[in-house]
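Below is one structure, written out as C-alpha cells, with a few remarks after it.
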Amino acid sequence: MSWLTLLNNLENGTVRAATQDEQGNWHANVEVKEGILEAFRNGTNTEYPGGFVDKDNLAPQGFAAEAGVRMVPGGSSVRRGAYVASGTIIMPPAYVNIGAYIDEGTMVDSHALVGSCAQIGKNVHLSAAVQVGGVLEPVGASPVVVEDDAFIGAGCVLVEGVVVKKGAVLAPGVRLSASIPVYDCVNERVLEKGEAIPENAIVIPGSRPANGEWAQQQGLSLSCALIVKYRDEQSDAALELEEVLR
C-alpha cells in the first residue's frame, strides 16, 4: 500500500494504527506506522497560510457539514491521516495528530492534544488540557488507547502506551505512564506494570512515600494514581452533564 493510499484509508477509518485482539489487548499496526513515516520522508516543507510550515503532503483537514464533525472556530487543527467520526466535537484550541483515531460522539475539549496514532473510543470526554501522548517510533510501540465511554478529567496526562478501559473515569490531574504505579484501593493490589486501567474504575491522583531514609526524613513523596471505587448509578448520574453539552 502506498503512503498516499494509507493516509486516505486512515482518514476514512478503514485502517487503524492499532488493533484490539479477541482478548481485548491492543497492538500497534507496524505497517501503518511505517507508512506514516514514509509519508514524512516523501514530503517537503512548504508554507501554509498564516505563517505555518509543514510537510506539503500533510496539510490539515477540513470538514464538510455532512461529515457530522463539529470543529468550533478558534485555532483547532486535525492533521492529515487522522480519523474523526461523526458526532465528534472539537473545541478550540485542540490538536489531533496524524494516525489518531477518534470514534463517534467524543468530545475533545479546549487545549486538548490527541497525539499521533492515539486511539480514542466512542462517547469519550477528553476534558480541557488533556494530553494524550503520541508515538510513531519505535514502530512496534503501542499508542495510548482510551476505550468507549471513558471520562478523562481536566489536565490529565496519558503517555507511554497507557490503556484506559471502557467506562473508566480519571479525575482532574491524573498522570499515567509506564513508570507511575496505580494502586487499586478497592481490590487492595497494585496494577502490574503496563496493565490497563480496569473498566469503570474511578481514578484520582495520589502520592506515596519516596524510598530511602533521607527522603523519608524530608517527608518526600512520589506521584501515583489511586483507584478509589468503581462506577455505579450515583457516579454515572454525575456525568450526565456531558449529554447536555451536546
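The values are calculated or read from the model by the stated rules, or taken from the named source; none is laboratory data. All values derive from a computational prediction rather than experimental measurement. When we count neighbours, we look across all protein chains shown, and the Cβ atoms used for this are built from the backbone with ideal geometry, even at glycine. Side chains are part of the model used for accessible areas, which takes the heavy atoms of the whole protein and leaves out ligands, DNA and RNA. Shrake-Rupley method; radii C 1.70, N 1.55, O 1.52, S 1.80 Å.
Of the peptides 60-69, 193-202, the order by per-residue mean of other Cβ atoms within 10 Å, starting with the highest, comes out as 193-202, 60-69.
Rg and Dmax over the alpha-carbon atoms of the chain stand at 18.9, 63 Å. Looking at the chain, the accessible area is 50 square angstrom per residue; that uses a 1.4 Å probe and ignores ligands, DNA and RNA.
Taking Cα atoms only, the orientation of helix 30-42 departs from the longest principal axis of the chain by about 50 degrees.
The protection proxy used here, the mean number of other Cβ atoms lying within 10 Å of each residue, ranks peptides 135-143, 88-96 as follows, highest first: 88-96, 135-143.
The label point for residue 192 and the one for residue 234, both projected 7 Å from the Cα toward the Cβ, are 3.3 nm apart. The protection proxy used here, the mean number of other Cβ atoms lying within 10 Å of each residue, ranks peptides 31-41, 181-191 as follows, highest first: 31-41, 181-191. Treating r as the C-beta distance of residue 20 and residue 210 and R0 as 25 Å, the FRET efficiency rounds to 0.10. Counting only heavy atoms of the protein chains and using a 1.4 Å probe, residue 231 has close to 60 Å² of accessible surface. Which one, 103, 148, 54, has the greatest fluctuation when you compute a Gaussian network model over the chain with C-alpha springs under 10 angstrom? Residue with maximal mean-square fluctuation among 103, 148, 54: 54.
Other residues within the sphere of radius under 10 Å centred on the Cβ of residue 230, judged by their own Cβ, net out at -1 (K and R +1, D and E -1). Taking the protein heavy atoms of the chain in the context of the full set of protein chains, the accessible area attributed to carbon and sulfur is 51 percent at 1.4 Å.
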